[in-house]
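For reference, the structure discussed in these notes is given below.
The values are calculated or read from the model by the stated rules, or taken from the named source; none is laboratory data. Worth saying up front: this structure is predicted, and the values here are computed from it rather than measured. A quick note on method: Cβ atoms are made from the backbone with ideal geometry, for glycine too, and the neighbour counts reach across all protein chains shown.
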Amino acid sequence: MNNSRQPTIKSPLTVLIVDNNSVAMHGLRDYLENHADFCVIGHAANAIEALLKTRQMFPDIVVSNVALPDVDGFRLSLVLRKENPHMKVVLVSDQNPTQITEQIATSGIGHYLSKTSQPSDLLNALEIDWQKGPAYIPEITAAPSMNRQAPAAITPRERDVLVCIAEGLANKEIAARLGLGVRTIEAHRDRICRKLNIHGVAGLTVFALRNNLISLDNAA
């Protein structure tokens, strides 16, 4: 999907904040809203929610924490910038940038800021990043590897069902796609949940993402 929107010279610039820490998110929102050049139009607590909201809101800039509950900010940045090359992404983290040079270089982000940076550094990054032209967007396959859970003992068929669940399909839709009965799908689903000790679509989706069974833009 490509919802690319051409940049325009305007004020204020719209910002989407992505952070599962509500205190940090509200603090950043309050700080930005005190500056007339920026307008925070929404926030997301994880990468999947961020992807959906960017498709709905078309923010000019996304400010995201690197550490997110489902996938990291680098992977999110790759997907966002592939869908809309004109969207600017600024990542914030407490990691030392010298330790993650490759991730920064391949993610297509405009700026990487430490959480110890001064608030004025963020404003400067947002202003400079918006003025720059679109950067080269590397392929998704160049994304840094995520922390994966230990491979689970699920069968190939259970993996097929898991992928369908993570893509947001209902049992009837999964049955139609795989050519199986609905009760068979229900049985597979139950075994998957027991084997992984994960219950609920959200948890299964996160597992599928972390183990590269699906890509972020295919997630439910």
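Report whether or not GLU186 is of a type in the set (Asp, Glu), more than 28 Å from the chain's Cα centre (by Cα) and assigned to a helix (DSSP H, G or I). For GLU186, the condition - of a type in the set (Asp, Glu), more than 28 Å from the chain's Cα centre (by Cα) and assigned to a helix (DSSP H, G or I) - is met.
This table checks each residue for (1) at pLDDT below 90; (2) in the same structural domain as ASN65 (by TED's automatic domain parsing); (3) closer than 30 Å to HIS26 by Cα.
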site: ASN124; (1), (2), (3): yes, yes, yes
site: PRO138; (1), (2), (3): yes, yes, no
site: ARG183; (1), (2), (3): no, no, no
site: ALA202; (1), (2), (3): yes, no, yes
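Checking each residue in segment 153-183 for being surrounded by fewer than 16 Cβ atoms within 10 Å (Cβ to Cβ), in a helix (DSSP H, G or I) and of a type in the set (A, V, I, L, M) picks out ALA176, VAL182. Against the test of being of a type in the set (Gly, Ala, Ser), modelled with pLDDT under 90, more than 28 Å from PHE74 (Cβ to Cβ) and over 18 Å from the mean Cα position of the chain (by Cα), the options ALA153, ALA175, ALA170 yield a single qualifying residue, ALA153. Of all residues in segment 46-62, exactly one satisfies the criterion of being modelled with pLDDT of 90 or more and part of a strand (DSSP E or B), namely VAL62.
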